[in-house]
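Take a look at the structure set out below.
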Amino acid sequence: MVRQAEWKSGHVVTICALAFLLLLLITPAFGQANVPGSPTEDEVREILDRAREISYTKHWRDAQAILDELAPHIEQMSRPAFVDFHLLEARHLALADRQREGLDRAAMLLELDLEPDERLRVLQFSANVAVLLRDYETAFEHLIAAIELGELVEDPAVTMSTYNMASYMFGKVGELERAMAYGRTAIDIALDHGEPNDECVARQRIAPVYKWAGRFERSEAEYREAIDVCGKINNELFQGVVQHGLADLLRQQGRLEEARELAESAIVLLENAVYPLGEFEARLVLAQILVDLGEQPTFQQHTLADLAGYFRENEFWDQLTTLEALRARLAINAGNREAALRHLALQEEARENFLSRDRLMRLAYLEVVFDTRLKEQQIALLEERARVSQLEADTANRQRRDRTTILVLSGFVVILLAILLLVTLRGRRHFRSLSRRDHLSGLPNQRWFAERAGLILDRARRERLGVYFVMADIDHFKAINDSYGHLTGDEVLGQVARRLKDAFDDRAFLGRVGGEEFAILMETDDIGEVIRGIDRFRQSPERVTRAGDPDVTLSFGIAPMHPGDTVDRLRQRADRALYRAKQEGRDRYVVSDDPGS
């Protein structure tokens, strides 16, 4: 800035002042681009508060209508208003069965420079939605981050959602005492805070934890208290959730008429709240109750097949396991043996998928615990190093022999801690690798392949990319095992895996998905690239390692991704093409001509 002493005349100052006043008159909100008709910051705050109250106590669709009107102006508002707007809209996406979009919206907010209380609320929401998506690693990652961040937030009411989430998630992995402690803390905060909606949510969270712990009387008491509190504030969403939770508890105790009344009421409430997942779970509970009463499970809308389709489409395997067992029971009662066997097979398939997801959740929890211990060891190492430095300063004037002895002992402790840390890091990598890799082929195992394949399909749909799914099966593999022994069979699996990796480029994701079955997911719009990869495999050396070993050929089934495809549908079409390749003589490929579904 030019100092006043350098001005040759006071006229320049006067002119500049007049120009500045003129600029203020031309631009009412200097430094801020106002849109004609834009609400003020106070008005935006008031609108958002009203939308939040409606979302949590009445109907989220009514709240979304308010957000839609506010949307054209939100970019001009402050960061707190921007965060509140998008977080509330992310909640509505989750309630509308668009959980992945809601989680993506939260991820966008986490990239901003947020205040601790804002970041805490986004982490809480992300953990909740990640659980609905069965993305347990992400859920525990956000939950632990929220617990740590909660220590920096002074308002206990803001941390209550973290305790609610911790109560549910630690209960799901069997840490029941810890889960109940978190749940009781959340209820205490809600009672001190004096907010009925918070108490409604907290009691809804802890009630199933007591059920999992076998404390049925306490669970029923919490469910009934939650129904009363949620009912007083007309929160139909949570009132419906706790009613169908209590209905299921009473059904397990044989109190069927009470359970029936609660389940029917829950369905109406969840329909009104437009929460499809809760509604379909309540319909499943009602169907179980009706069968236990000796009645046919019929509804005004939706059938058991509709429920099965919804649970399978959204990969809610635990609910699908229960439903298919119920349908098998009905088929047995009707004397339809063929249908009963079909539903029992579907039940077993869903159960395997559920157990895989359950193991994944427990694995994610163990990894979080592992990481926490790793951080503690790193902190201990840093503290020990600091202590060594302090010892060096304190003993600088002591005799040389004493100082040397102390430094040697301290250095030994540092080395020992460093070795323990290195072993821990290696153990963690080995632990993760064992959970995801097939030990014979080195390729991703079936569970890890399915998870990554689902992410690849999601990205391909968003970016409008082509994807081909290839199923490959070793021809006459049983004959190889019978004739040459299982050790040679294991070598064949490893050799085939290496040849497949050499034949396909980096855009192909490979996995071993069965005994002698391999799967390849390739991102490309050109089927010719897929076929060239197969041809390169077929032209590579066919023997394992030694003369006299068996010739190894593979049959391939190829299926292109269609709109709306899931990993399971895509694999089924590739399996059918593979079956045709086997029928037509093996050692060949067949491209699926199924139209998809």
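The values are calculated or read from the model by the stated rules, or taken from the named source; none is laboratory data. In this text, all values refer to a predicted model and were calculated from it rather than measured experimentally. Every residue, glycine among them, receives a Cβ derived from its backbone with ideal geometry; neighbour counts consider all protein chains shown. For the accessible areas, the whole protein counts, side chains as well, though only heavy atoms, and no ligand, DNA or RNA atoms are used. Shrake-Rupley method; radii C 1.70, N 1.55, O 1.52, S 1.80 Å.
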Quick query: amide H of VAL467 versus all other amide H atoms, modeled in the peptide plane; which residues come in under 5 Å with a sequence gap of 5 or more or a different chain? THR524, MET561
Can you give the local net charge around GLY183? Use residues other than it whose beta-carbon is closer than 9 angstrom to its beta-carbon, Lys and Arg +1, Asp and Glu -1. +2
Explain nothing, just the number: relative contact order of the stretch 188-345, from Cα pairs under 8 Å at least 6 residues apart, as a whole percent. 13
How far apart, in nanometres, would the label points at ASP104 and GLU261 be if each is projected 7 angstrom from Cα along the Cα-to-Cβ direction? 4.6
Calculate the FRET efficiency for LEU355 and GLU69 from the Cβ-Cβ distance with a Förster distance of 41 Å, rounded to the nearest 0.05. 0.30
Counting only protein heavy atoms and leaving out ligands, DNA and RNA, the solvent-accessible surface of TYR56 at a 1.4 Å probe, in Å² to the nearest 10, equals 80
With a point put 7 Å past each Cα toward its Cβ, work out how far GLU154 is from THR298 in nm, to one decimal. 6.3
Scoring the stretch 127-251 by relative contact order with C-alpha pairs under 8 Å, at least six apart, yields a percentage of 17
What whole-number distance in Å separates the alpha-carbon centres of the stretch 475-490 and the stretch 81-134? 52
Counting pairs of alpha carbon atoms under 8 Å apart in space and at least six apart in sequence, what relative contact order in percent does the stretch 487-597 give? 19
Quick one: if the Förster radius is 51 Å, what FRET efficiency do ARG337 and LEU409 give, using the C-beta to C-beta distance and rounding to 0.05? 0.10
How would you order 199-206, 117-124, 312-319, 335-342 from highest to lowest mean count of nearby Cβ atoms within 10 Å? 199-206, 117-124, 312-319, 335-342
On a 1.4 Å probe surface of the protein chains, which of ASP438, ASP49 comes out largest in accessible area, and what is the full order? ASP49, ASP438
Please express the Cα-Cα pair-distance distribution P(r) of the stretch 168-223 as a list of whole percents, one per 5 Å bin, running from 0 to the bin with the greatest distance. 4, 24, 31, 24, 13, 5, 0
Over the Cα atoms of the stretch 108-212, what radius of gyration and what Dmax do you get, in Å? 13.1, 40
Estimated vicinal HN-Hα couplings, Hz - the stretch 509-514 in sequence order (Karplus 6.51, -1.76, 1.60; Gly, Pro = x): 10, 10, x, 9, 10, x
Hey, can you grab everything whose amide H is under 5 Å from the amide H of VAL591? Only 5+ residues off in sequence or another chain; H modelled, so Pro and N-termini drop out. ILE558
Return the tail of the calculated pair distribution for the stretch 444-597, meaning the percent of Cα-Cα pairs more than 28 Å apart. 17
What figure, in Å² to the nearest 10, do you get for the accessible area of LEU114 with a 1.4 Å probe and non-protein molecules left out? 20
Pop out the ³J(HN,Hα) list for the stretch 452-464 in order, Karplus 6.51 cos²θ - 1.76 cosθ + 1.60 with θ = phi - 60°, rounded to Hz; leave Gly and Pro as x. 5, 4, x, 5, 5, 5, 4, 5, 4, 5, 5, 9, 6
